[in-house]
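S.K.: I am attaching a structure below and will ask some questions about it afterwards.
The values are calculated or read from the model by the stated rules, or taken from the named source; none is laboratory data. Since this is a predicted model, take the numbers as computed values, not measurements. Using ideal geometry, Cβ is built from the backbone for each residue, glycine included, and neighbour counts are taken over all protein chains shown. Surface accessibility is based on the protein's heavy atoms, side chains included, excluding ligands, DNA and RNA. Shrake-Rupley method; radii C 1.70, N 1.55, O 1.52, S 1.80 Å.
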Amino acid sequence: MLPSAPAHAFSLPGAVAGKRIIILGAGLAGMTAAYELTKLGYSCTVLEARDRIGGRCWSVRKGSTQQEVSNPTQTSQLDDGLYFNAGPSRIPHHHQLTLHYCRELGVPIEIYNNVNEGAYHFSEGNGALSNKKIRIREVHNDMRGYVTEMLAKAIDQHALDVSMSTEDVSKIIEYLRAEGGLDADKLYKASARRGYVEAPGAGDKPGKIADPHTLADLLQSGLLAPDFYNVAEYTYELQMTMFQAKGGMDNIAKALEKKLPGIIKTQAVVSSIQNVENGVKVKYAVKGVAQELTADACICTLPLPVLSNIDHNFSSDVSRAVDFVPYIQTGKIGLQFKRRFWEEDENIFGGITHTNNDLTQIFYPSNDYLGKKGVLIGYYNFNDKAKKVGALTLKEREQLALEKGSLIHPQYKNEFETSFSVSWHLTPYSLGGWALYTGDTRQSLYKAFAKPDRQVYFAGEHTTYLNAWMAGAFESARKTVADVHARFTEQRLQYPSSGKSGG
Ligand SMILES: Cc1cc2nc3c(=O)[nH]c(=O)nc-3n(C[C@H](O)[C@H](O)[C@H](O)COP(=O)(O)OP(=O)(O)OC[C@H]3O[C@@H](n4cnc5c(N)ncnc54)[C@H](O)[C@@H]3O)c2cc1C
């Protein structure tokens, strides 16, 4: 019966009539720009190359299709009602604009369980702990214990190069004991934190805690190697609480589309963007038929590897940035299983298993717990691993995911039903996962997108410090809308940023 919390809509002063804006791309940035500009009275047309909206914000469901540059068309055979997020799958709790648009557009969200101590670390190699699935809680708590024990000993032996008062020493020792689960002698012995080999129960079942792994075994195992040991879960963006849109992340894109009736032209492939006197001319083709559109201004949200192949008359600074900002290679595979064995047999509810092989990660679904079937993300990899796996045929990708995944979950063999894989760097109209900047390229290239190139404005995750996040698309759309509106109302508007950069 309670009304939902109010959304804090973007409100800029002044309405404008009769100004035409062409927006290139119906991803989240393009559609958000169109949505906000339409509210202000602008007449918008969004040109979208694909036959669907959403761009990278895409959930694969029954009947979804995908054709990569070097593979035959795939048609998803997932069961009705099942899905996986080929692009974005998680929303940080501090991405205020992403959550704002979910609220304003009425998209229900649910908790995305990004951190699960009950999932596994799996390292291929020669150590005593290699080629075995080890619960993350065992690795985390044993290492926490050993490291805090070492530090406590070093402090006791005055072996640290810091001067501390006796009071500070006693406080830090208390902290280390609590943090590492050390005993009264400041030694690490296994505790319930790392889990049980026999679970506690009723009557005479107190539960049995396993011995800790030895430090030498942990060190040898490869489980701590920097390219494997995943600290990402501690990073700002990946800390809990995280969310997902119920029923698939592209419900956010679909909700935006509903707000833009008659404004989006799909299957409209842009081939040329030209600044002309007092306006912009865009050439595009619909099913091969050439068309042209002029407007007072344009907002270009096309991913840079795509834009780089499009005819334009941008300044040399912009042109250089378009051509030289690299994008990450990344891929995912969705695997449908007839039984949720990770829940039924292994008590894994959401979260991520990390591997050092080509899979890199297995994501367990954070929805429909205790349901019958489910879809795992069988790999989610990056850079060289994504390049190698992306170069395989669709069947070979599936075989790799099943073969490597079976090392961790032997149930794969009996329970697997169907797969669907996406290599973003091989996907037309994306050609990459997201923009990759370094400190240097932020200075030399990134800045070119901060201001318009005459009548052409730039938006999209690549024009923000929120690369790889939907929040980048939303933040950039708002900034660009404020800039466009300032131009036509001749006002100096301050873009009211939500103030969260996420790095
Ligand atoms: C694998 C993966 C995982 C991710 N995970 C997360 C996550 O967990 N959480 C999160 O918040 N974000 C995540 N992201 C990032 C998020 O998806 C993006 O930042 C966001 O969707 C980008 O939106 P955009 O509008 O800037 O670009 P896009 O979505 O790429 O939109 C650009 C649009 O332009 C269209 N286009 C391209 N060429 C042409 C042309 N020639 N003519 C006309 N139209 C054209 C495209 O079809 C597309 O619709 C992930 C992305 C990927 C790839």
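S.K.: Which of the lysines could be linked to K388 by a straight reach, that is with a Cα gap under 19 Å, when you skip same-chain ones fewer than 8 residues away?
M.R.: Filter leaves K332, K404.
S.K.: Tell me the mean residue ellipticity at 222 nm calculated for the chain from its helices only (DSSP H runs of n ≥ 4, each -39500 (n - 2.57), averaged over every residue, nearest 500). Each step should come with its number before you reach the end.
M.R.: Details: 14 runs with 143 residues, N = 503.
So the helix-based figure for the chain works out to -8500 deg cm²/dmol.
S.K.: Find how many whole Å separate the alpha carbon centroid of segment 15-76 from the alpha carbon centroid of segment 380-401.
M.R.: Here the answer is 27 Å between Cα centres.
S.K.: Quick check for me: using +1 on Lys/Arg Cβ and -1 on Asp/Glu Cβ, what's the dipole size of segment 129-224 about its Cα centre, in debye to the nearest 20? Intermediate results must be reported in sequence, preceding the final value.
M.R.: Values: 14 positive and 15 negative charges, 111 e Å.
In total the dipole reaches around 540 debye.
S.K.: Given a Förster distance of 22 angstrom, what is the FRET efficiency for S315 paired with T438, based on the Cβ-Cβ distance and rounded to 0.05? List each step's numbers first, then the result.
M.R.: Numbers: r = 22 Å, r/R0 = 1.01.
FRET efficiency, S315 to T438: 0.50.
S.K.: Straight-line reach from K208: which lysines fall under 26 Å, measuring Cα to Cα and dropping same-chain residues less than 8 apart?
M.R.: In chain and number order, the partners are K132, K133, K186, K189.
S.K.: Local charge sum around Q267 (other residues, Cβ-Cβ under 11 Å, Lys/Arg +1, Asp/Glu -1)? Walk me through the intermediate numbers first.
M.R.: On the way: positive: R50, R52, K265, K287; negative: E48, D51.
That sum, taken over residues with Cβ under 11 Å, equals +2.
S.K.: Could you tell me how far the Cα centroid of segment 307-361 sits from the Cα centroid of segment 140-175, in Å?
M.R.: Value for the Cα centre distance between the two parts: 40 Å.
S.K.: For segment 129-224, with every protein chain kept in place, what is the accessible area per residue (1.4 Å probe, Å²)?
M.R.: Details: 5820 Å² over 96 residues.
With the other protein chains kept in place, segment 129-224 gives 61 Å² per residue.
S.K.: From the square roots a ≥ b ≥ c of the eigenvalues of the alpha-carbon gyration tensor of the chain, which class results: rounded (a/c under 1.5), prolate (a/b over b/c), or oblate? Let's see the in-between values first.
M.R.: Numbers: a/c = 2.12, a/b = 1.66, b/c = 1.28.
Because a/c hits 1.5 or more and a/b exceeds b/c, the chain counts as prolate.
S.K.: Same structure again: Between beta-carbons, use under 15 Å as the cut-off and find the net charge around L400, counting Lys and Arg +1, Asp and Glu -1.
M.R.: On the way: positive: K332, K385, K387, K388, K395, R397, K404, K413; negative: E124, D358, D384, E396, E398, E403.
Around L400, the surrounding residues sum to +2.
S.K.: Additional query: How high is the relative contact order of segment 133-184, given as a whole-number percent (alpha carbon pairs under 8 Å, six or more residues apart)? Display every interim value, and only then the final one.
M.R.: Numbers: 25 pairs, mean separation 27.8, N = 52.
Relative contact order here is 53 percent.
S.K.: When ligands, DNA and RNA are left out and all protein chains stay put, how many square angstrom of accessible area per residue does segment 344-497 have with a 1.4 Å probe? Walk me through the numbers before you get to the answer.
M.R.: On the way: 6270 Å² over 154 residues.
Value for segment 344-497: 41 Å² per residue.
S.K.: A further question follows. Would you work out what percent of the accessible area of the chain, with all protein chains in place, is carbon or sulfur (probe 1.4 Å)? Could you put the intermediate results ahead of the total?
M.R.: Details: 11770 of 22700 Å².
Its accessible area is 52 percent carbon and sulfur atoms.
S.K.: Ok, one more. Would you calculate the separation in nanometres between label points at K451 and R20, each defined as 7 Å from the Cα along the Cα-to-beta-carbon direction?
M.R.: 2.8
S.K.: If I take every Cα pair under 8 Å that is 6 or more residues apart in segment 129-224, average their sequence separation and divide by the length, what percent do I get for the relative contact order? All intermediate terms of the calculation are to be shown ahead of the outcome.
M.R.: Details: 99 pairs, mean separation 33.1, N = 96.
Relative contact order here is 35 percent.
S.K.: Quick one: longest stretch of the chain between exposed loop GluC sites (Glu not before Pro), exposed meaning at most 13 other C-beta atoms within 10 Å and loop per DSSP?
M.R.: Details: sites that count: E277, E490.
Formally, the longest exposed-site-free interval is 1-276.
S.K.: Just going by the charge dipole of the chain, with Lys and Arg at +1 and Asp and Glu at -1 on Cβ, which of I111, H409, F10 is farthest out on the positive end?
M.R.: The residue sitting farthest along the positive end of the dipole is F10.
S.K.: Please figure out what share of the DSSP beta bridges in the chain is antiparallel and state it in percent, rounded to the nearest 5. Don't skip to the end; give the middle numbers.
M.R.: Details: 53 of 72 bridges.
Looking only at bridges with both residues in the chain, the antiparallel portion is about 75 percent.
S.K.: Would you tally the net charge around Q74, using a Cβ to Cβ cut-off of less than 12 Å, leaving Q74 out, and scoring K and R as +1, D and E as -1?
M.R.: Working: positive: K395, R397; negative: E68, E398.
Cβ neighbours under 12 Å give a net charge of 0.
S.K.: If you take the beta carbon distance between S11 and A285 as r and set R0 to 35 Å, what does 1/(1 + (r/R0)^6) give as a FRET efficiency, to the nearest 0.05?
M.R.: Values: r = 37 Å, r/R0 = 1.07.
In this case the efficiency is close to 0.40.
S.K.: I need the phi-derived Karplus couplings for segment 287-303: 6.51 cos²θ - 1.76 cosθ + 1.60, θ = phi - 60°, integer Hz, Gly and Pro marked x.
M.R.: Along segment 287-303, the couplings run 6, x, 8, 5, 9, 9, 9, 10, 7, 6, 7, 9, 10, 9, 10, 5, x Hz.
S.K.: Under 16 Å from a point 7 Å along the Cα-to-Cβ line of K132: which residues of segment 180-198 have their amide N that close?
M.R.: Of the residues in segment 180-198, 190, 194-198 have backbone N under 16 Å from the label point off K132.
S.K.: Quick one: grab the alpha carbon gyration tensor of segment 129-224, order the square roots of its eigenvalues as a ≥ b ≥ c, and give me rounded if a/c is under 1.5, else prolate or oblate depending on whether a/b is larger than b/c. Working shown, then result.
M.R.: Working: a/c = 3.41, a/b = 1.57, b/c = 2.17.
Oblate, because a/c is 1.5 or more while a/b does not exceed b/c.
S.K.: Dipole of segment 129-224 (Lys/Arg Cβ +1, Asp/Glu Cβ -1, origin at the Cα centre): which of A199, Y146, Y188 lies farthest to the positive side?
M.R.: Of A199, Y146, Y188, it is A199.
S.K.: Give me the percent relative contact order of the chain, please, defined on Cα pairs under 8 angstrom at least 6 residues apart. If you can, show how the numbers build up before the last one.
M.R.: Numbers: 1014 pairs, mean separation 103.9, N = 503.
Computed value for the chain: 21 percent relative contact order.
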